[in-house]
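The values are calculated or read from the model by the stated rules, or taken from the named source; none is laboratory data. All figures in this text were calculated on a predicted structure; none of them were measured in a lab. Glycine also receives a Cβ, built like all others from the backbone with ideal geometry; neighbour counts cover every protein chain displayed.
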Amino acid sequence: MRKKSRLHIPSSSARPGEKPDFEYLNLSPAGSVDKPPIDSRTRDIEHLSTGLVRVLDDDHQAQGPWNPDIDPAELQTALRWMLLNRVFDQRMWKIQRQGRISFYIEATGEEAISIAQAMALRPGDMCFPSYRNQGLYMYRGVKLVDMMCQCLSNTRDMCKGRQLPIMYHSRKANVFSISGNLGTQYPHAVGWAMASAIKGEDHIAASWVGDGSTAEADFHHALTFAAIYQAPVILNVVNNQWAISTFQGFAGGERRPFAARGLGLGIPGLRVDGNDLLAIYSTTLWAAARARRGGGPTLIELVTYRGGAHSTSDDPTKYRPKDEWASFPLGDPIERLKQHLIALGHWSEDQHEKLEEELKVEVLAAWKEAQQYGTMTEEPFLDPATMFDDVFAETPSNLESQRRYMLEIEGS
Amino acid sequence: MRKKSRLHIPSSSARPGEKPDFEYLNLSPAGSVDKPPIDSRTRDIEHLSTGLVRVLDDDHQAQGPWNPDIDPAELQTALRWMLLNRVFDQRMWKIQRQGRISFYIEATGEEAISIAQAMALRPGDMCFPSYRNQGLYMYRGVKLVDMMCQCLSNTRDMCKGRQLPIMYHSRKANVFSISGNLGTQYPHAVGWAMASAIKGEDHIAASWVGDGSTAEADFHHALTFAAIYQAPVILNVVNNQWAISTFQGFAGGERRPFAARGLGLGIPGLRVDGNDLLAIYSTTLWAAARARRGGGPTLIELVTYRGGAHSTSDDPTKYRPKDEWASFPLGDPIERLKQHLIALGHWSEDQHEKLEEELKVEVLAAWKEAQQYGTMTEEPFLDPATMFDDVFAETPSNLESQRRYMLEIEGS
Amino acid sequence: MAKMNMIEAIRSALDVLMDKDPNVVILGQDVGYFGGVFRCTDGLQRKYGEHRVIDAPISEGGIIGAAIGMGVNGLRPVAEIQFADYIYPGFDQIVSELARLRYRTCGEFFSPVTIRTPCGGGIRGGQTHSQSPEAIFAHISGIRTVMPSNPYDAKGLLISAIESDDPVVFFEPKRLYNGPFDGDPDKPAISWVSHPKGEVPEGYYTVPLDTAEIIKTGEELTIVTYGTLVHVAQAAADAVGVDAEIIDVRSLAPLDVKTLVDSVNKTGRCLVAHEATRFGGYGGELVARIQKECFYSLQAPIGRVAGWDTPYPHAFEWQYFPGKKRLINAINKMMAAA
Amino acid sequence: MAKMNMIEAIRSALDVLMDKDPNVVILGQDVGYFGGVFRCTDGLQRKYGEHRVIDAPISEGGIIGAAIGMGVNGLRPVAEIQFADYIYPGFDQIVSELARLRYRTCGEFFSPVTIRTPCGGGIRGGQTHSQSPEAIFAHISGIRTVMPSNPYDAKGLLISAIESDDPVVFFEPKRLYNGPFDGDPDKPAISWVSHPKGEVPEGYYTVPLDTAEIIKTGEELTIVTYGTLVHVAQAAADAVGVDAEIIDVRSLAPLDVKTLVDSVNKTGRCLVAHEATRFGGYGGELVARIQKECFYSLQAPIGRVAGWDTPYPHAFEWQYFPGKKRLINAINKMMAAA
Ligand SMILES: Cc1ncc(C[n+]2csc(CCOP(=O)(O)OP(=O)(O)O)c2C)c(N)n1
Ligand SMILES: Cc1ncc(C[n+]2csc(CCOP(=O)(O)OP(=O)(O)O)c2C)c(N)n1
Ligand SMILES: [Mg+2]
Ligand SMILES: [Mg+2]
């Protein structure tokens, strides 16, 4: 008989039917992590990769050196964007369940990341998002109706029906195209940032990948190039604990935080409470300033939790406890900012409820408008002849003749 | 006009015509780095990745806790293997220059690595070498004549003429096949080690890549898998300062040593004097013991210098100072072990010269024998019909008919 | 005998071999606890343990690289790539290592890895969940490329693939997982239950890795196809009422040329059909070979029906998909040819 | 006009464009200080600085990934992959990103990267320095695949490639770098000096990216080929004494079908020749298309001469290489056909 296997297999802290257990998260109290100068040497700030930068404490007060001291009015705006992101997701999820779009991905529980980072970056900075960063598009001015039209593959779809729902892009907003292939955007961000440096510009780039996607080659490529050329880029790892059914230990998160991944290349790493808008905002500002003045890349790990299913194709009750999110020690980012504002005396439950209602109306209105441009089953329909465009800058003759043939056949 | 580029471009410390400068190497005195227990936690031994484990000091004495206390007779054997490696390389280089083989790669200056590590591993452990590890094959019993026949693509070529010279393999010796594609062997080693663990065996695997090759995706894949499954594997980075014309700063070595690359995944790293047989031997033993008892992977950076050209196709005077090797502060590994043995009173210049002569004779005899099995221009020739074998386990009909057709044509 | 859909047949193949050979291990994203996003490995980790059905990081290159090393150490790894569209990060390990190891070591080392991966469109997956990249694997010497079109073949071919000492890239047309889709997305889905190829032995059996299958004999025209298009071709031939001989290539490389050539020499007409992009697709090889061997029997040029030379668009997948209309049109033209 | 070999012509193209457009940057292993292992970028870093001719780490995936990002930010990157055999680690970025970016964003984003890489055998490089993987790129919608066979075209096509807003994979048959090799390794090397295509303008000019070139007109047989085989085909046709029309495809995808079809309709016979492995090779596409368009003119089956379906063996490269003998044999057979 074969001897017992000695292979180490990571195991998640809880599976369905078990009690959620976040013991493994190494939390620091809010305000306890120092804020070094942006020109610190990586080796002198390694501890930032194991601590956890937090600003909002359990009593909803902002604490410590990373407190960005944002104006309450601005915080209200941030709250509005986060809530909009959530309300939008909820509506689109329902729409998918009704069969009116083919697929959807929600960012529930992770809204603070896109919103806080969008706030911290400048409009000329370029974002290379993952599929859970819809908040970036929203904050940077892409209209809800345009995002919905994309999900509908309708006549106003920015992707002309070519892409799966949620794979937005916006040149105007400086948010790149979302890829179905995990992690591929990471080296693009580095290359973009290198080009910015080559051109002597001071724009920086930022990119986002999930914990699971750090195992891809492109993660390594991006870090290596960023370190070598000291590219002005912020590389974010959104550690939401899960990659579909696979918990973050299977991406190598068991022993050291993801924030530490670049240390061996001299890239500083910040581990940040990903559900704390203030902490995210201020660490991002720090990394952006560092990059802008030639200090090179920063890796930011945002510790959060994927509050919903991976996508509309997924059923998380099959692989994790139903109540795991409710037990997540870093809470819900929207609730936390809301309570902070209430504690500051600049918000109330009433106002919040009213805002939520307002946003629901806004989203619904956008949805009504979007449908006018067509759905998968209702006119107007996109012209299928367009599917032969944009394969190349100019459509070559083989595609023109395929287009003609397709129209002939489909017309018959 | 365009603004000045802000891109950081690494620059080598000296180019042709300039004075060699190894200031950038961070050296520790021999004996100064501590030797922790093999069950130390990675975070407690991070300093081993920035120090430099050295045993032999400038006076050729063995120093400190890493001194393996090897029997002088064994040291003499080690010296013999290293010298054989060098003499073999010198002969084959000349043979290539005479046009009798198409290509060659020498390990000059790096011989201690293969020999010391082969000594420290057990025969059941599996080696996944790079092309500069010919010493592994030699030490593990592959005959010189067989290696020469491989380089000659002759009738006794283990590769039946299919591979470029130096791309050896030996199942019997447990040394894997050398690939032309850099770094691909690294995940193989990890997978092999995982299989060993799955089977409950206590064999470990070891692999080698160059400093330049650490930028490849497979480096990341290997480290990630090794860390996740705690594979019993030793991952060696041979930092010989150069990757063809490109110095190690372009592989990300400017800011942190390669030994630190796994820290972010919890893989301990040892930075080792790669020209010090004793230091290499004892760090490898340490890592092997750690792996064997379930402690998982270790990354070892071996700091050395590529004493010769990259390959017979290369001319290093085009891109680095001629006398760079002579200025390399860690010297020549053969000379250092020789002086150590002399200092111990177990060796002499005379013995050394005699040994070198002996080895030259041995190598020459092997070369004479190898030629009898054919050269590229002299009979006997390998049968070209064999080129259709081993594409698959059994040769399918399309290859059989191509074989027949080839013979028909070539016969015509 | 049992009724199985393609997912069950694949799972059954894995189960039978894991039970038979302790060296068979499975490695892939979400394959373990969860049982795979298409459920092909459901229940196997519970049965064989997490050391044999191993959840892997999102690293196709690493999965294939590690699997190669495992194979060299005596295991028989079955790697799952979640979608064929995501196989490219592992491409170098497949081409440069897996395919070449036996050759470059004259058989001293080899690694009997099987790579399973769902391919093809028709599930509204857009351009990154619909690709059929078989052509680029069929061109690589040293690997076998296989694509079953039904549960019976899926199980028998997968068992052969895993037992083969050659590496195999095993494409599973995901649109066929649940039923023999005939190309009409508006018709209610048919299940495998009523299909003869949905009858699958529960135990061990094999389908050889180097034979094409004549799905239906016929005299007027040969349709050479594989994967999803097998069923569409049948429907199209029926619709036209032509007596077509339909061949399921199923083992794309090495290829069973004789079955194809004999058929075309008999019928004198040949249509090649696949879902993948036409330009540079695998159909080119089929046409080139058949025209060479059957030149003097051919009464019309060999036709190709395939995906367009564009990515696979989300909204227009049924315009992209080479469906019944395109096949009917091609058959009609061909039958009308002199 | 100057006499240039292919290396000089490529370098000249890079020089002309770097001078013309500050956004043109070069990225690759050993391309900077050293000037490239084949010397194609020699002197360019000295002239344009290390911020425009950038030495890169050994990371083909990273080089291509970063180049894409640079292209998105307005640069026009020329990436060098040291050998085509080493392009596979960058394959995912090429297929999934570079080729698809324009399509998936309807032209809002695109990246005009040119990837230069030496391909082909005949330099005793063994199986990892001899490959011709053009077929797998030609199959990918959204990239252009180009392979020049001489200095004049190399420069003109490379200028077009870099200026094109489409991504281009630009294969350079390394055996032709120094001379128009006719397939006979025992003959003394010929240089480009005495070849008309070795006459190259020193300044700016372009060769369009979508036209095949008729190298020699003829009436009895069309040889459709590209890369190294262009010269071998000429030598073989001369040796047989057949009046062959020889077509250099040079732009493999998109393909100039008309030039090919017109020629075969005229000659009635066609031989397709390339160095890459035959099975699933690019020749399949050529044959499939030509038989379709020229069926009624063809007097014999279209022949294919190509590398064997094996890796490219070091010792037997001249048995692997589809040399003059194999071409002569194929021509003779074809001319004898009814
Ligand atoms: C290259 C590639 N491999 C696999 C997949 C399938 N896939 C889609 S999302 C996903 C999980 C990603 O997890 P993570 O990176 O943690 O991001 P999250 O979904 O948690 O935001 C997987 C495996 C893919 N899209 N691309
Ligand atoms: C994937 C791949 N890319 C590029 C090359 C070409 N190449 C061969 S050796 C070499 C340099 C390797 O340097 P390093 O890893 O430091 O090893 P060393 O030669 O110094 O031992 C390069 C770029 C290759 N063989 N494989
Ligand atoms: Mg995740
Ligand atoms: Mg090196």
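The residue list A:ARG256, A:ARG261 contains one member that is over 27 Å from A:LYS94 (Cβ atoms), part of a helix (DSSP H, G or I), of a type in the set (Lys, Arg) and touching a Leu at 6+ places or on another chain (Cβ under 7 Å), which is A:ARG261. Name the residues in region D:103-150 that are closer than 26 Å to B:MET387 by Cβ, in contact with a Ser or Thr (Cβ under 6 Å, 6 or more places away or on another chain) and surrounded by fewer than 24 Cβ atoms within 10 Å (Cβ to Cβ), would you? The answer is D:ARG124, and nothing else.
Scanning region B:165-185 for residues that are of a type in the set (A, V, I, L, M) and away from ligand 4 (no atom under 16 Å from the Cβ) returns B:MET167, B:ALA173, B:VAL175. All of D:VAL242, D:VAL272, D:VAL230, D:VAL249 fail the test of being buried (at least 23 other Cβ atoms within 10 Å of the Cβ), in contact with an Asp or Glu (Cβ under 6 Å, 6 or more places away or on another chain), aliphatic (A, V, I, L, M) and modelled with pLDDT of 95 or more, apart from D:VAL230. In region A:235-247, is there at least one residue being assigned to a helix (DSSP H, G or I) and more than 16 Å from ligand 4 (Cβ to nearest atom)? Checked against the condition, which is being assigned to a helix (DSSP H, G or I) and more than 16 Å from ligand 4 (Cβ to nearest atom), region A:235-247 yields no hits at all. Those residues that are within 10 Å of chain B (Cβ to nearest Cβ) and basic (Lys, Arg), I need them from region D:296-335; list them, please. Of everything in region D:296-335, those that are within 10 Å of chain B (Cβ to nearest Cβ) and basic (Lys, Arg) turn out to be D:LYS325, D:ARG326. Restricting B:CYS127, B:CYS151 to residues that are hydrophobic (A, V, I, L, M, F, W, C) and within 12 Å of the chain's Cα centre (by Cα) narrows the list to B:CYS127.
One residue alone among D:ALA56, D:ALA66, D:ALA2 is out of contact with any Cys (no Cβ under 7 Å at 6 or more places or on another chain), within 11 Å of chain A (Cβ to nearest Cβ) and farther than 25 Å from B:ALA309 by Cα, and that residue is D:ALA66. Restricting attention to region B:140-192, the residues being within 8 Å of another protein chain (Cβ to nearest Cβ), crowded, with 24+ Cβ neighbours inside 10 Å, of a type in the set (Ser, Thr, Tyr) and under 21 Å from B:PRO123 (Cβ atoms) number 1. Going by the conditions given, is C:VAL72 more than 10 Å from chain B (Cβ to nearest Cβ) and of a type in the set (A, V, I, L, M)? It is false that C:VAL72 is more than 10 Å from chain B (Cβ to nearest Cβ) and of a type in the set (A, V, I, L, M).
Tell me, which helices (runs of 4 or more DSSP H) wholly within region D:216-295 include 2 or more residues that are away from chain C (no Cβ under 14 Å)?
It comes to D:229-240, D:257-267.
For region C:66-80, the set of residues classified as crowded, with 24+ Cβ neighbours inside 10 Å and either outside the structural domain of C:ASP15 (by TED's automatic domain parsing) or under 23 Å from C:ILE10 (Cα atoms) (or both) consists of C:ALA66, C:ALA67, C:ILE68, C:MET70, C:GLY71, C:LEU75, C:PRO77, C:VAL78, C:ALA79, C:GLU80, listed by residue number. Tallying residues that are in a helix (DSSP H, G or I) and over 33 Å from the mean Cα position of the chain (by Cα) within region B:374-412 yields 16. Each residue in region C:49-107 was checked for being over 16 Å from C:PRO167 (Cβ atoms) and either more than 20 Å from the chain's Cα centre (by Cα) or within 16 Å of ligand 2 (Cβ to nearest atom) (or both), and 15 pass. Go through region B:317-329 and give me each residue that's over 15 Å from B:ASP21 (Cβ atoms) and more than 10 Å from chain D (Cβ to nearest Cβ). The one that is over 15 Å from B:ASP21 (Cβ atoms) and more than 10 Å from chain D (Cβ to nearest Cβ): B:THR317. Here B:GLU18 passes the criteria (1) touching a residue at least 12 places away in the same chain (Cβ under 8 Å); (2) surrounded by 13 or more Cβ atoms within 10 Å (Cβ to Cβ) except the one numbered (2).
Of the strands (runs of 3 or more DSSP E) that lie entirely inside region C:109-189, those containing 1 or more residues that are aromatic (Phe, Trp, Tyr) and assigned by TED's automatic domain parsing to the domain that holds C:ASN73 span C:168-173. Pairs please, first residue from region D:1-24 and surrounded by fewer than 22 Cβ atoms within 10 Å (Cβ to Cβ), second anywhere and at pLDDT below 95, Cβ atoms under 8 Å, 6+ apart in sequence or on different chains. As it stands, the answer is D:PRO22/B:ARG2, since those pairs meet every condition given.
If the requirement is being of a type outside the set (D, E, K, R), modelled with pLDDT of 95 or more and touching a Leu at 6+ places or on another chain (Cβ under 9 Å), which of these qualifies: B:ILE105, B:ILE70? Going through B:ILE105, B:ILE70 in turn, the sole match is B:ILE70. All of (1) under 25 Å from C:ILE331 (Cα atoms); (2) assigned by TED's automatic domain parsing to the domain that holds C:MET6; (3) without any contact (Cβ under 8 Å) to a residue 40 or more places away in the chain hold for C:THR217 with one exception: (2).
Residue by residue, here is whether (1) buried (at least 20 other Cβ atoms within 10 Å of the Cβ); (2) of a type in the set (S, T, N, Q); (3) in contact with a helix residue (DSSP H, G or I) (Cβ under 7 Å, 6 or more places away or on another chain) holds:
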| site | (1), (2), (3) |
| --- | --- |
| B:GLN63 | no, yes, no |
| B:TRP66 | yes, no, yes |
| B:LEU75 | yes, no, yes |
| B:ALA116 | yes, no, yes |
| B:GLY124 | no, no, no |
| B:ARG132 | yes, no, no |
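Of all residues in region B:193-221, those that are more than 7 Å from every other protein chain (Cβ to nearest Cβ), away from ligand 4 (no atom under 16 Å from the Cβ) and not in a loop (DSSP other than H, G, I, E, B) total 3. Give me a count of the residues in region A:228-251 that are more than 9 Å from ligand 1 (Cβ to nearest atom) and surrounded by fewer than 24 Cβ atoms within 10 Å (Cβ to Cβ). Selection size over region A:228-251: 1.
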